[in-house]
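Some notes on the structure that comes next.
The values are calculated or read from the model by the stated rules, or taken from the named source; none is laboratory data. Values in this document were obtained by computation on a predicted structure and should not be read as measured data. Virtual Cβ from ideal backbone geometry, glycine too; neighbours counted across all protein chains shown.
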């Protein structure tokens, strides 16, 4: 008698947990787009962003695209992700880790001319950690691999 | 205590259900875990703070990793232990399960808070922000609030009597957050980077990585030691309460 009730409890708990996990997975699946912290240039190319709406843009800073303007605080650069690119303009102080070929998240709005005007720039760090002498060589190699994907 | 012993005699299959037997093992285990934990943590922290080279991009802030990552793992590991204890309590009515759950919760909450704090300190120079509401950061903050909820609920339940199951149910339901934390960086675009350490390998250079196993095991041993201490304390308190009640009724 005791053994059966113990098994019943176990089955009940397992069923409840499975139902709960199923519900949460469904909710997560539904949240997929809304819970995304940023949009990528590919999302914007696919027309998923409304001009004028506040949003975050995330991607890689294109090599050679960073252009510091004459006033010293305005900077223009291009963010890419796969084949899609978005030009970004920002007035303010860039984080120390902001650099070409590295991840970035820009908060701002997409203008009607297709230029993303950022109010704030965050550097996105990737999952690679290495000492300085190794860094220059293998970071470039890893970036090439990311680009190739 | 007497209630616990009565429960034990009803179900002799639990090897550690007898608090006396549990205490006989827990007492030396606490000392050993404390000693091992202190040595490993010391080696790991000294290595992280002064031996390893700076990162090519983040510079000196990379040292935070060796505190932040073990704290995150133990924050999540704490709730895993809590969920297992909850399952033991609901299904097998294990007399020590509720004690273990109550012992784990504040320790897990402390490590979760440490993880959030060190992450914030790392985020300011690296990302350029103390806090952002991305999937990983938000789900980790939720874990801290779940711990607070569990602590309050289990404390209230203990005062009402030994038969409460609410905190255990809460412990099981809260475990749903663990896979969300883990997969948040894969499911959603997050500011937080993806996994650096996976079963298949790591993207952290070995000369930067080596203190991590030390702090990892060291923190875990300290975690275990504190949990055992708290369990022993609660068993002792139960014993005192029972003795006081007996004296009062005489």
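Scan the stretch B:83-96 for residues that are part of a helix (DSSP H, G or I) and either in contact with a strand residue (DSSP E or B) (Cβ under 9 Å, 6 or more places away or on another chain) or surrounded by fewer than 23 Cβ atoms within 10 Å (Cβ to Cβ) (or both) and report the count.
7
Kindly indicate whether residue B:138 is within 11 Å of another protein chain (Cβ to nearest Cβ), outside any loop (DSSP other than H, G, I, E, B) and in contact with a strand residue (DSSP E or B) (Cβ under 8 Å, 6 or more places away or on another chain).
In short, no.
Filter the stretch B:108-135 for residues that are at pLDDT 95 or above, surrounded by fewer than 23 Cβ atoms within 10 Å (Cβ to Cβ) and either closer than 30 Å to residue A:9 by Cβ or touching a strand residue (DSSP E or B) at 6+ places or on another chain (Cβ under 9 Å) (or both) and give the result.
B:109
Conditions tested, residue by residue: (1) facing chain B (nearest Cβ under 9 Å); (2) farther than 30 Å from residue B:66 by Cβ; (3) in contact with a strand residue (DSSP E or B) (Cβ under 7 Å, 6 or more places away or on another chain).
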| residue | (1), (2), (3) |
| --- | --- |
| A:21 | yes, yes, no |
| A:53 | no, yes, yes |
| A:60 | no, no, yes |
| A:88 | no, yes, yes |
| A:91 | no, yes, yes |
| A:95 | yes, no, yes |
| A:110 | no, yes, yes |
| A:122 | yes, no, yes |
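Among the numbered criteria (1) in a helix (DSSP H, G or I); (2) in contact with a helix residue (DSSP H, G or I) (Cβ under 7 Å, 6 or more places away or on another chain), which single criterion is violated by residue B:190?
Among (1) in a helix (DSSP H, G or I); (2) in contact with a helix residue (DSSP H, G or I) (Cβ under 7 Å, 6 or more places away or on another chain), the lone unmet condition for residue B:190 is (1).
Does residue A:81 meet the test of being at pLDDT 85 or above, in contact with a helix residue (DSSP H, G or I) (Cβ under 7 Å, 6 or more places away or on another chain) and within 12 Å of chain B (Cβ to nearest Cβ)?
It is true that residue A:81 is at pLDDT 85 or above, in contact with a helix residue (DSSP H, G or I) (Cβ under 7 Å, 6 or more places away or on another chain) and within 12 Å of chain B (Cβ to nearest Cβ).
Quick one: would you say residue B:175 is touching a residue at least 24 places away in the same chain (Cβ under 8 Å) and either facing another protein chain (nearest Cβ under 10 Å) or touching a strand residue (DSSP E or B) at 6+ places or on another chain (Cβ under 7 Å) (or both)? Full working, then the answer.
Working: touching a residue at least 24 places away in the same chain (Cβ under 8 Å): yes; either facing another protein chain (nearest Cβ under 10 Å) or touching a strand residue (DSSP E or B) at 6+ places or on another chain (Cβ under 7 Å) (or both): yes.
Yes.
Residue-by-condition table, conditions (1) part of a helix (DSSP H, G or I); (2) within 14 Å of another protein chain (Cβ to nearest Cβ); (3) farther than 12 Å from residue B:171 by Cα:
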residue: B:106; (1), (2), (3): yes, no, yes
residue: B:111; (1), (2), (3): yes, no, yes
residue: B:126; (1), (2), (3): yes, yes, yes
residue: B:149; (1), (2), (3): yes, no, no
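If you check A:8, A:63, A:42, A:50, which single one turns out to be in contact (Cβ under 8 Å) with a residue 12 or more places away in the chain and assigned to a helix (DSSP H, G or I)?
Of the residues listed, the single one that is in contact (Cβ under 8 Å) with a residue 12 or more places away in the chain and assigned to a helix (DSSP H, G or I) is A:42.
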